[in-house]
Amino acid sequence: MSPRHLYSIEVENITVHRCSLTEIACDVKIYITNRTPVRVTINRIPFTLTFTEPGNGAIHCLGTGEARPVTIAPGGVAGISVPVAIRNHAAIFLMTATPGNRHPVKIQGRALVDAKITELEIPFEQMITIPPLLRK
């Protein structure tokens, strides 16, 4: 069984906490499911938040995040919130490049599972829609 079948990573949402003159402070909520019969530690979960420009397909980075280590019980699920700062110029570019009221963004990353002598890499990718506050 491949490591992808033993663990799953799902992004639930992005929550905006505050806006400043230079950036928008957000939290990305991630759930990790451990389908193994043993407790596991996820050493880190680095990810990138991007959007694809309609028309030309250019990919633009909105921000990056990295989760702290988390231990998950056998058959358990852990929910973590990861802070991400989106620079205002990137948010403005997103709003002008994707007209309308829905702005899909991609969260792409990997979970690094502690396997004692090495790390198992579990890639993940998910599309979500940014919250309304970012569209105003």
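Being more than 12 Å from the chain's Cα centre (by Cα) and in contact (Cβ under 8 Å) with a residue 12 or more places away in the chain narrows it down to one residue among THR15, THR41; which is it?
On the way: THR15 fails: more than 12 Å from the chain's Cα centre (by Cα).
None of the others qualify; the one that does is THR41.
Screening THR64 with (1) within 18 Å of MET127 (Cβ to Cβ); (2) in contact (Cβ under 8 Å) with a residue 40 or more places away in the chain; (3) surrounded by 13 or more Cβ atoms within 10 Å (Cβ to Cβ) gives one miss only, at (2).
So that you can scan it fast, the table gives a plain yes or no per residue for (1) surrounded by 12 or more Cβ atoms within 10 Å (Cβ to Cβ); (2) under 20 Å from MET127 (Cβ atoms); (3) small (Gly, Ala, Ser); (4) modelled with pLDDT of 95 or more:
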site	(1), (2), (3), (4)
MET1	no, no, no, no
HIS5	no, no, no, no
ILE24	yes, yes, no, no
THR52	yes, yes, no, no
ALA58	no, yes, yes, no
ALA85	yes, no, yes, no
VAL105	yes, yes, no, no
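State whether one or more residues within the stretch 28-37 are surrounded by fewer than 21 Cβ atoms within 10 Å (Cβ to Cβ), without any contact (Cβ under 8 Å) to a residue 60 or more places away in the chain and of a type in the set (Lys, Arg). Taking every residue of the stretch 28-37 in turn, at least one turns out to be surrounded by fewer than 21 Cβ atoms within 10 Å (Cβ to Cβ), without any contact (Cβ under 8 Å) to a residue 60 or more places away in the chain and of a type in the set (Lys, Arg).
The values are calculated or read from the model by the stated rules, or taken from the named source; none is laboratory data. This one's a predicted model, so the numbers in the text were calculated from it and none came from an experiment. Backbone-built Cβ (ideal geometry, glycine too); neighbour counts: all protein chains shown.
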